[in-house]
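The structure appears below as structure tokens.
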């Protein structure tokens, strides 16, 4: 399926999955009574497989990449803002020393299973050392030649929305059956900014879930008004030191006092768009890449109907893609 205009050259639609965001959602949304034959929870595994099947069936991408966190809390971001994701660091001293993320005990063992199943299916899975999945997504989106659907529960990725380039975010509201189709129009309606301004909004407002303090006293609505008036963060900072600019004394002081924070916050908030991506084939697999490995994983972990549904959905979508190609 393509979102290109009638008469335009058809380009493949690329779907980029924020994998951790989705398997966390699956883990908390599917009961842990969903278990392997040995009694181990596989709720995140099966839930994610169901999610992907639903996404492919409903949105019909031509290409699919599962983007991974090779480093969920990159040191270069921590060096800029030490509080970055601090509250998510594991409380266990040994894990904290290694910078490990606090992950539910019954989820951690499922993550390698997810990776193995995706690999056996032949779904492209990409992580880049020293970077988060967000950065991988940003880089794939920047290099895409056709429409892009980013599937994530992380609002930070709203910064990638670009109507001109047909980049939108599918934001789960309830599972993946109810998705907010996030484009520039919706962002203007909800936040009074467009995708290009969203990272500046996030830097100004801050985000406690990521350990970003923001500018004290500047909430989301004030940040949006400042961006509407002055265009971007650089424009706001220039206005703060311009006596002729229409800023209240309080606003001026808050922006000036936050100069040190605002000098580094954009680098932390903005996703990378220029990573050296590996050479992978993002095309939907018509059949499993490694059927024997997949059969073994299905048996060992009791993946049953969830895995079969995804295999069938991928085959059906690949068949439709081939039949739609014009000679």
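Can you pull out the residues in the stretch 7-33 that are over 20 Å from residue 125 (Cα atoms) and either touching a strand residue (DSSP E or B) at 6+ places or on another chain (Cβ under 7 Å) or in a helix (DSSP H, G or I) (or both)? If the condition is that a residue be over 20 Å from residue 125 (Cα atoms) and either touching a strand residue (DSSP E or B) at 6+ places or on another chain (Cβ under 7 Å) or in a helix (DSSP H, G or I) (or both), then 28, 29, 32 are the ones that fit. In the stretch 258-274 there is at least one residue matching the filter, namely being exposed (fewer than 13 other Cβ atoms within 10 Å of the Cβ), more than 30 Å from residue 121 (Cα to Cα) and more than 26 Å from the chain's Cα centre (by Cα). Among the candidates 294, 247, 227, the residue that is surrounded by 14 or more Cβ atoms within 10 Å (Cβ to Cβ) and modelled with pLDDT under 95 is uniquely 247. Within the set 200, 281, the sole residue that is under 21 Å from the mean Cα position of the chain (by Cα) and assigned to a loop (DSSP other than H, G, I, E, B) turns out to be 281. Checked against (1) out of contact with any strand residue (DSSP E or B) (no Cβ under 7 Å at 6 or more places or on another chain); (2) not assigned by TED's automatic domain parsing to the domain that holds residue 72, residue 175 meets all criteria but (2). Within the stretch 287-309, the set of residues being touching a helix residue (DSSP H, G or I) at 6+ places or on another chain (Cβ under 8 Å) and assigned to a loop (DSSP other than H, G, I, E, B) comprises 287, 288, 289, 290, 303. A residue that is touching a strand residue (DSSP E or B) at 6+ places or on another chain (Cβ under 9 Å) and either in a loop (DSSP other than H, G, I, E, B) or free of Cβ contacts under 8 Å to residues at least 12 places away in the same chain (or both) can be found somewhere in the stretch 214-234. Of everything listed in (1) in the same structural domain as residue 124 (by TED's automatic domain parsing); (2) at negative phi; (3) surrounded by 15 or more Cβ atoms within 10 Å (Cβ to Cβ); (4) touching a residue at least 24 places away in the same chain (Cβ under 8 Å), the single unmet condition for residue 302 is (2). Total residues in the stretch 35-62 satisfying the condition of being buried (at least 21 other Cβ atoms within 10 Å of the Cβ) and within 15 Å of residue 149 (Cβ to Cβ): the figure is 5. Sort out which residues of the stretch 247-286 are in contact with a helix residue (DSSP H, G or I) (Cβ under 7 Å, 6 or more places away or on another chain) and free of Cβ contacts under 8 Å to residues at least 40 places away in the same chain, and write them in order of number. If the condition is that a residue be in contact with a helix residue (DSSP H, G or I) (Cβ under 7 Å, 6 or more places away or on another chain) and free of Cβ contacts under 8 Å to residues at least 40 places away in the same chain, then 247, 252, 256, 286 are the ones that fit.
The values are calculated or read from the model by the stated rules, or taken from the named source; none is laboratory data. A quick note: this is a predicted structure, and the numbers were derived from the prediction, not measured. Virtual Cβ from ideal backbone geometry, glycine too; neighbours counted across all protein chains shown.
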